[in-house]
Amino acid sequence: MARYLSNGLSGGINGIVMLLIGSMANLPSVHADDFAQLTERAAESGRVTVLAGEWQPITGEIRPEDLESAITGTADREKEIASLLSHVEKFGGDARALRQYRYLPVAAYSVDAKGLAALRDYSENMRVWSDVPMGVSLTDSVPMISAPAFWASHGEGHGQTIAVLDAGVDAGHRFFGGRVIREACFTRKACPNGGDSMYGAGAAQTDNKHGTHVAGIAAGSEPGLRGVAPKASIIALKVLKEDGMGHASDILAGLDYLMHLVLNEGVSLAAVNLSLGASEGSNSLCADNPFEAFARLFRAKGIILVSASGNAGKENFLSLPACAPSIVSVGAVDDHYAVAEFSNWSPYLDFFAPGVQIMSSADMRGYWYLSGTSMAAPHVSGAIALIRGRSPEMTVDQLLASLRSNRLVGNTGIPMVELPGPGQKPSTSEKSPPVLDPIITPKPKPVPKKTETGTMPVDGGLSSDQDGVTAIIQ
């Protein structure tokens with residue numbers, strides 16, 4: 001039996017991504033397909049949730065002038081999904097479509113074992129990935145990346161917008177000063193309206209402080225306390241449930257909505273912050289997956305996706321989606337510029353940023369100190385907004401090059417994120433920073449600090465979902 005459930009966003013969907021053909025031999029595809037593992041899980045548990053679709057390898061770059069042609073109006077996604085579900089039914093399988101996307105040639109399905117086999121059999125180009133569980137992964141930290149000096153000569157992010165995909169944001173918190181300009185929700189059966197999606201004021205409302213804290217680091221502002229880009233606007237998307245857990249398909253729905261805003265409603269974005277991740281990841285670049293496809297589409301519009309590296313404390317490992325090569329990955333350091341004990345990092349990591357005992361906005365209009373790579377990522381998102389506001393003509397590569405500090409963290413070879421100093425125009429050089437002698441510093445244990453709302457000693461941790469798959473609290 002096959003059942004089809006239409007997504008609240010899917011009415012009139014007529015676009016799919018036609019991925020460009022080229023050469024990418026240097027980017028190994030470690031997440032090419034999860035069919036074998038999913039087959040085992042389906043046999044054990046009876047059902048699995050997957051992302052599936054007819055897929056061509058992700059190769060080459062999407063140029064800005066080619067973006068409109070890369071997203072075509074030639075396919076009717078609902079008819080395509082209906083055809084696939086009919087195929088599953090003929091095989092005696094059971095499948096239900098959970099989400100579909102404007103700008104990706106995939107959809108999310110719940111399937112039994114026979115249905116999974118039938119999905120894969122649909123065509124030779126059919127690919128099946130696990131809908132992996134994902135979780136939520138300033139007074140001292142903002143000067144560490146030279147933000148105050150940048151404000152004095154280059155501005156504070158006015159006119160720029162940062163999208164925060166998280167467990168929701170308290171848009172009414174005084175730290176945002178009315179600068180949360182849009183809200184939406186994509187948590188299946190867990191949005192404030194009880195549905196799979198919601199739009200407008202209150203859609204991102206949450207009792208989970210994580211997203212509010214992250215957004216405050218990127219763009220909060222009040223006298224005596226500022227985030228990195230204190231005059232930037234925020235788009236708040238709730239893609240994780242109140243417990244900080246969610247699935248890749250819901251996060252992709254949030255990215256799909258943002259691309260719609262950019263292409264059809266004239267919304268301008270500087271960065272998209274993803275302080276979240278899965279327990280699974282890679283010790284190399286995971287170049288062939290839906291997150292990488294979206295990252296390239298956004299880059300073609302000059303928009304940068306930023307993701308936390310993960311909190312498992314692993315070397316040579318990045319969580320998904322940080323392992324996607326077109327997503328900027330960020331690990332955490334403490335206030336001595338030493339790698340935080342909980343932070344994942346690898347030679348493929350793009351930046352380190354402050355992530356230990358960071359003070360920012362939280363619930364009940366108060367403030368907390370939190371730690372995690374989740375706190376490091378919005379430092380980079382905010383810095384991107386500052387640079388974009390000062391130098392809108394920069395390419396993505398030039399912008400990222402201008403943020404690479406000469407300070408390499410420890411013996412990792414990875415740079416700190418750092419904004420240009422007073423009177424210094426952001427550089428357009430794309431050269432890597434010179435290798436300096438390692439900065440060796442001790443790793444003190446985080447010490448709980450008093451805030452106006454109490455003491456909150458928080459480090460990166462782990463939690464498990466109902467299927468027993470561990471997701472990282474970034």
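Taken together, the values in this text are just the output of simple stated rules run on the coordinates, not laboratory data. As the structure is a computational prediction, the values presented were derived from the model and not from experiment. Cβ placement follows ideal geometry from the backbone for every residue including glycine, while neighbour counts extend to all protein chains displayed.
Key figures for this structure:
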item: Built amide H within the under 5 Å cut-off of Arg407, gap 5+; result: Met416
item: Fewest-first ranking of Asp76, Asp112, using other Cβ atoms within 10 Å as the exposure measure; result: Asp76, Asp112
item: Order of Cys191, Cys185 - criterion: other Cβ atoms within 10 Å of each residue's Cβ, fewest first; result: Cys191, Cys185
item: Rounded Å value of the spacing that divides the Cα centres of the stretch 136-206 and the stretch 312-378; result: 17 Å
item: Residues Ser123, Ser249, Ser221, Ser326 arranged by fewest to most Cβ contacts within 10 Å; result: Ser123, Ser221, Ser326, Ser249
item: Virtual spin-label span in nm between Gln37 and Arg407, 7 Å along Cα→Cβ; result: 3.6 nm
item: Counted charge near Pro325, where neighbours are those whose Cβ lies closer than 15 Å (Asp, Glu -1; Lys, Arg +1); result: -3
item: Geometric extent, Cα atoms of the stretch 311-401 - Rg, Dmax (angstrom); result: 14.2, 40
